[in-house]
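Let me begin by presenting the structure, written as C-alpha coordinates, before commenting on it.
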Amino acid sequence: MEPKFIQETNKQFVSMTKGLKKVGDSLLSDSSLFAIYPAKKVGELIGVSETTILRFCTMIGYVGYNDFQKDVRNYMLAPNKWAGEGGEKNSTYAERMQLDINNLHLTLENLDTELLDNVVDSLINSSKIIVVGYYQSFSYAHWLSFNLSYILNDVVLYRPENDAGILDMLPKDACIVIFSYYRYALDTIRLAEEAKSKSIRVIAITDSRVSPIAEYADFLLPINISNKTLINKGPVTMSLINTVLIEIIEKVKSRGKIKSTYKFLIKDGEEDE
(Lines give C-alpha, C1' and ligand atoms only; values in the text may rest on other atoms or scores of the structure.)
Protein backbone atom coordinates (compact mmCIF):
# COMPACT_ATOMS: atom_id res chain seq x y z
CA MET A 1 0.00 0.00 0.00
CA GLU A 2 1.26 3.47 -0.86
CA PRO A 3 2.22 5.75 2.05
CA LYS A 4 0.13 8.77 2.91
CA PHE A 5 2.52 11.31 1.34
CA ILE A 6 2.31 9.61 -2.09
CA GLN A 7 -1.45 9.11 -1.98
CA GLU A 8 -2.14 12.70 -0.93
CA THR A 9 0.34 14.19 -3.40
CA ASN A 10 -1.36 12.42 -6.30
CA LYS A 11 -4.80 13.33 -4.95
CA GLN A 12 -4.02 17.03 -4.48
CA PHE A 13 -1.68 17.55 -7.44
CA VAL A 14 -4.18 19.05 -9.88
CA SER A 15 -5.20 21.75 -7.39
CA MET A 16 -1.64 22.77 -6.46
CA THR A 17 0.06 25.98 -7.52
CA LYS A 18 3.04 25.77 -9.88
CA GLY A 19 5.48 25.92 -6.96
CA LEU A 20 3.67 23.22 -5.00
CA LYS A 21 3.49 21.02 -8.10
CA LYS A 22 7.26 21.32 -8.39
CA VAL A 23 7.61 20.03 -4.82
CA GLY A 24 5.12 17.22 -5.44
CA ASP A 25 6.80 16.12 -8.64
CA SER A 26 10.21 16.10 -6.93
CA LEU A 27 8.79 14.04 -4.07
CA LEU A 28 7.30 11.42 -6.40
CA SER A 29 10.47 11.28 -8.49
CA ASP A 30 13.10 11.25 -5.73
CA SER A 31 11.80 10.89 -2.17
CA SER A 32 15.35 10.56 -0.83
CA LEU A 33 15.85 14.34 -0.97
CA PHE A 34 13.10 14.81 1.61
CA ALA A 35 14.38 11.98 3.77
CA ILE A 36 17.92 13.38 3.92
CA TYR A 37 17.72 17.18 3.92
CA PRO A 38 15.92 19.86 5.97
CA ALA A 39 13.17 21.87 4.30
CA LYS A 40 15.40 24.85 3.47
CA LYS A 41 18.00 22.70 1.71
CA VAL A 42 15.35 20.78 -0.26
CA GLY A 43 13.92 24.11 -1.40
CA GLU A 44 17.35 25.22 -2.63
CA LEU A 45 17.91 21.95 -4.49
CA ILE A 46 14.61 21.99 -6.38
CA GLY A 47 14.28 25.76 -6.79
CA VAL A 48 11.47 26.76 -4.42
CA SER A 49 11.31 28.57 -1.09
CA GLU A 50 11.31 26.91 2.33
CA THR A 51 7.83 28.38 2.84
CA THR A 52 6.59 26.50 -0.25
CA ILE A 53 7.95 23.24 1.18
CA LEU A 54 6.12 23.86 4.47
CA ARG A 55 2.89 24.79 2.65
CA PHE A 56 3.16 21.56 0.67
CA CYS A 57 3.45 19.51 3.88
CA THR A 58 0.33 21.16 5.26
CA MET A 59 -1.60 20.64 2.02
CA ILE A 60 -1.00 16.88 2.05
CA GLY A 61 -2.07 16.54 5.66
CA TYR A 62 1.03 16.91 7.86
CA VAL A 63 1.40 19.22 10.85
CA GLY A 64 4.91 20.20 9.78
CA TYR A 65 8.04 19.18 7.90
CA ASN A 66 9.39 17.00 10.72
CA ASP A 67 6.20 14.94 10.77
CA PHE A 68 6.31 14.61 6.99
CA GLN A 69 10.04 13.76 6.91
CA LYS A 70 9.58 11.04 9.50
CA ASP A 71 6.94 9.39 7.29
CA VAL A 72 9.22 9.56 4.23
CA ARG A 73 12.14 8.07 6.15
CA ASN A 74 10.04 5.22 7.53
CA TYR A 75 8.85 4.39 4.05
CA MET A 76 12.33 4.39 2.55
CA LEU A 77 13.78 2.27 5.36
CA ALA A 78 11.20 -0.49 4.87
CA PRO A 79 12.96 -3.05 2.61
CA ASN A 80 9.79 -4.55 1.20
CA LYS A 81 8.71 -1.17 -0.13
CA TRP A 82 11.68 -1.09 -2.48
CA ALA A 83 12.89 -4.62 -3.08
CA GLY A 84 9.68 -6.62 -2.93
CA GLU A 85 9.51 -9.99 -1.22
CA GLY A 86 12.35 -11.64 -3.09
CA GLY A 87 14.68 -11.89 -0.11
CA GLU A 88 18.37 -10.98 -0.27
CA LYS A 89 19.75 -9.94 -3.60
CA ASN A 90 22.65 -12.04 -4.76
CA SER A 91 24.62 -9.46 -6.77
CA THR A 92 24.93 -5.83 -7.77
CA TYR A 93 23.49 -6.86 -11.15
CA ALA A 94 20.32 -8.03 -9.43
CA GLU A 95 20.19 -4.80 -7.42
CA ARG A 96 20.38 -2.71 -10.56
CA MET A 97 17.71 -4.76 -12.27
CA GLN A 98 15.56 -4.45 -9.15
CA LEU A 99 15.85 -0.67 -9.40
CA ASP A 100 14.39 -0.86 -12.91
CA ILE A 101 11.55 -3.00 -11.56
CA ASN A 102 10.92 -0.49 -8.76
CA ASN A 103 10.79 2.35 -11.28
CA LEU A 104 8.30 0.39 -13.38
CA HIS A 105 6.15 -0.21 -10.28
CA LEU A 106 6.26 3.51 -9.45
CA THR A 107 5.17 4.39 -12.98
CA LEU A 108 2.45 1.74 -12.86
CA GLU A 109 1.07 3.12 -9.59
CA ASN A 110 0.74 6.58 -11.19
CA LEU A 111 -0.58 5.37 -14.54
CA ASP A 112 -3.41 7.47 -15.98
CA THR A 113 -5.31 5.06 -18.24
CA GLU A 114 -7.74 7.71 -19.47
CA LEU A 115 -4.82 9.88 -20.57
CA LEU A 116 -3.21 6.94 -22.36
CA ASP A 117 -6.49 6.14 -24.11
CA ASN A 118 -6.64 9.74 -25.35
CA VAL A 119 -3.04 9.57 -26.58
CA VAL A 120 -3.65 6.30 -28.43
CA ASP A 121 -6.83 7.62 -30.07
CA SER A 122 -5.05 10.85 -31.02
CA LEU A 123 -2.26 8.93 -32.74
CA ILE A 124 -4.64 6.61 -34.57
CA ASN A 125 -6.74 9.54 -35.80
CA SER A 126 -3.79 11.71 -36.90
CA SER A 127 -3.28 12.18 -40.62
CA LYS A 128 0.49 12.56 -40.10
CA ILE A 129 2.71 11.93 -37.06
CA ILE A 130 6.07 13.59 -36.40
CA VAL A 131 8.22 11.96 -33.68
CA VAL A 132 10.96 14.09 -32.12
CA GLY A 133 13.84 13.35 -29.76
CA TYR A 134 17.19 15.09 -29.36
CA TYR A 135 20.42 13.68 -27.93
CA GLN A 136 19.71 10.65 -25.68
CA SER A 137 16.01 10.91 -26.47
CA PHE A 138 16.63 10.23 -30.16
CA SER A 139 16.81 6.48 -29.48
CA TYR A 140 13.30 6.55 -27.96
CA ALA A 141 11.96 8.61 -30.86
CA HIS A 142 13.54 6.22 -33.37
CA TRP A 143 12.05 3.13 -31.69
CA LEU A 144 8.57 4.65 -31.54
CA SER A 145 8.57 6.01 -35.10
CA PHE A 146 10.10 2.86 -36.60
CA ASN A 147 7.47 0.56 -35.10
CA LEU A 148 4.59 3.01 -35.45
CA SER A 149 5.26 3.26 -39.18
CA TYR A 150 4.39 -0.44 -39.51
CA ILE A 151 0.95 0.19 -38.02
CA LEU A 152 -0.13 3.68 -39.10
CA ASN A 153 0.29 5.75 -42.24
CA ASP A 154 2.64 8.71 -42.62
CA VAL A 155 4.89 8.53 -39.56
CA VAL A 156 8.09 10.60 -39.73
CA LEU A 157 11.16 10.65 -37.49
CA TYR A 158 12.14 14.30 -37.19
CA ARG A 159 15.67 15.14 -38.29
CA PRO A 160 16.55 18.81 -37.76
CA GLU A 161 19.11 18.87 -40.57
CA ASN A 162 16.41 17.93 -43.11
CA ASP A 163 13.07 18.90 -41.60
CA ALA A 164 13.30 22.62 -40.91
CA GLY A 165 9.91 24.20 -41.56
CA ILE A 166 8.09 20.85 -41.56
CA LEU A 167 5.38 22.19 -39.24
CA ASP A 168 4.29 24.61 -41.99
CA MET A 169 3.61 21.67 -44.31
CA LEU A 170 1.61 19.42 -42.00
CA PRO A 171 -1.94 18.47 -43.00
CA LYS A 172 -5.00 18.98 -40.85
CA ASP A 173 -5.22 16.71 -37.80
CA ALA A 174 -1.48 16.02 -37.71
CA CYS A 175 0.26 15.60 -34.37
CA ILE A 176 3.78 15.71 -32.98
CA VAL A 177 5.24 13.41 -30.31
CA ILE A 178 8.19 14.89 -28.42
CA PHE A 179 10.54 13.24 -25.93
CA SER A 180 11.99 15.84 -23.57
CA TYR A 181 14.23 14.82 -20.68
CA TYR A 182 16.55 16.76 -18.39
CA ARG A 183 18.58 18.73 -19.45
CA TYR A 184 15.70 19.67 -21.70
CA ALA A 185 16.96 20.45 -25.22
CA LEU A 186 15.95 23.99 -26.11
CA ASP A 187 15.22 23.07 -29.73
CA THR A 188 12.54 20.55 -28.74
CA ILE A 189 10.87 23.10 -26.46
CA ARG A 190 10.83 25.66 -29.27
CA LEU A 191 9.41 23.05 -31.64
CA ALA A 192 6.62 22.26 -29.15
CA GLU A 193 5.90 25.98 -28.73
CA GLU A 194 5.69 26.45 -32.50
CA ALA A 195 3.42 23.42 -32.90
CA LYS A 196 1.13 24.74 -30.17
CA SER A 197 0.92 28.13 -31.90
CA LYS A 198 -0.12 26.37 -35.13
CA SER A 199 -2.80 24.30 -33.35
CA ILE A 200 -0.91 21.06 -33.95
CA ARG A 201 -1.54 18.49 -31.21
CA VAL A 202 1.51 17.98 -29.01
CA ILE A 203 2.11 14.72 -27.12
CA ALA A 204 5.02 15.19 -24.71
CA ILE A 205 6.83 12.36 -22.94
CA THR A 206 8.99 13.85 -20.20
CA ASP A 207 10.43 13.19 -16.75
CA SER A 208 8.50 15.83 -14.83
CA ARG A 209 5.00 17.26 -14.75
CA VAL A 210 6.61 20.68 -14.44
CA SER A 211 9.28 20.30 -17.15
CA PRO A 212 9.58 23.25 -19.59
CA ILE A 213 7.68 21.42 -22.33
CA ALA A 214 4.62 20.82 -20.15
CA GLU A 215 2.94 24.15 -20.93
CA TYR A 216 2.89 23.37 -24.66
CA ALA A 217 1.58 19.80 -24.40
CA ASP A 218 -1.99 18.80 -25.19
CA PHE A 219 -1.19 15.40 -23.69
CA LEU A 220 1.58 15.16 -21.10
CA LEU A 221 2.99 11.74 -20.20
CA PRO A 222 5.34 12.20 -17.22
CA ILE A 223 7.60 9.36 -16.17
CA ASN A 224 8.21 9.32 -12.42
CA ILE A 225 11.29 7.42 -11.35
CA SER A 226 13.23 7.35 -8.08
CA ASN A 227 16.53 8.12 -9.82
CA LYS A 228 16.56 10.57 -12.73
CA THR A 229 19.86 9.54 -14.29
CA LEU A 230 20.03 9.00 -18.04
CA ILE A 231 20.37 5.23 -17.75
CA ASN A 232 17.50 4.77 -15.29
CA LYS A 233 15.01 6.47 -17.61
CA GLY A 234 15.51 3.91 -20.38
CA PRO A 235 13.57 0.83 -19.20
CA VAL A 236 10.55 2.82 -18.04
CA THR A 237 10.45 4.90 -21.23
CA MET A 238 10.68 1.82 -23.44
CA SER A 239 7.98 0.06 -21.43
CA LEU A 240 5.65 3.04 -21.86
CA ILE A 241 6.35 3.22 -25.59
CA ASN A 242 5.71 -0.50 -26.04
CA THR A 243 2.49 -0.28 -24.02
CA VAL A 244 1.22 2.47 -26.32
CA LEU A 245 2.29 0.54 -29.43
CA ILE A 246 0.52 -2.64 -28.33
CA GLU A 247 -2.67 -0.74 -27.54
CA ILE A 248 -2.56 0.95 -30.95
CA ILE A 249 -2.11 -2.45 -32.62
CA GLU A 250 -5.13 -3.86 -30.79
CA LYS A 251 -7.36 -0.89 -31.63
CA VAL A 252 -6.30 -0.74 -35.27
CA LYS A 253 -6.79 -4.48 -35.57
CA SER A 254 -10.30 -4.27 -34.10
CA ARG A 255 -11.22 -1.58 -36.63
CA GLY A 256 -9.99 -3.68 -39.53
CA LYS A 257 -7.47 -1.08 -40.68
CA ILE A 258 -4.38 -3.26 -40.90
CA LYS A 259 -1.41 -2.13 -43.00
CA SER A 260 0.37 -4.81 -45.02
CA THR A 261 3.53 -4.12 -42.99
CA TYR A 262 1.70 -4.99 -39.75
CA LYS A 263 2.77 -8.63 -40.12
CA PHE A 264 6.35 -7.68 -39.23
CA LEU A 265 5.28 -6.75 -35.71
CA ILE A 266 3.72 -10.09 -34.80
CA LYS A 267 4.88 -13.66 -34.54
CA ASP A 268 4.41 -16.01 -37.44
CA GLY A 269 0.92 -17.42 -37.42
CA GLU A 270 -0.39 -14.96 -34.85
CA GLU A 271 -2.31 -12.79 -37.29
CA ASP A 272 -5.92 -13.73 -37.96
CA GLU A 273 -6.59 -14.87 -41.49
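Assorted remarks:
- R0 of 51 Å, Cβ-Cβ distance Glu114-Glu161: FRET efficiency to nearest 0.05: 0.85
- Met97-Tyr37 pseudo-label distance in nm [points 7 Å out on the Cα-to-Cβ vector]: 3.4 nm
- Exposure rule at most 14 other beta-carbon atoms within 10 Å, DSSP loop trypsin sites (Lys or Arg not before Pro): the chain longest free segment: 1-88
- Accessible surface of Met59 - all protein chains present, 1.4 Å probe, nearest 10 Å²: 60 Å²
- Ranking Phe146, Phe219, Phe5 from most to least accessible surface, computed with a 1.4 Å probe over the protein chains only, gives Phe146, Phe219, Phe5.
- Spacing of the two label points (7 Å from each Cα toward its C-beta) at Val63 and Lys18, in nm: 3.5 nm
- Here's the picture: charge each Lys and Arg Cβ at +1 and each Asp and Glu Cβ at -1 in the chain, and of Leu148, Gln7, Phe138 the one pushed furthest to the positive end of that dipole is Gln7.
- Carbon/sulfur fraction of accessible area - the stretch 1-60, other protein chains in place, 1.4 Å, %: 55 percent
The values are calculated or read from the model by the stated rules, or taken from the named source; none is laboratory data. Nothing here was measured: the structure is a model prediction, and the numbers come from that model. Neighbour counts run over all protein chains shown; Cβ positions are idealised from the backbone, glycine included. Surface areas here come from the heavy atoms of the whole protein model, side chains and all, with no ligands, DNA or RNA. Shrake-Rupley method; radii C 1.70, N 1.55, O 1.52, S 1.80 Å.
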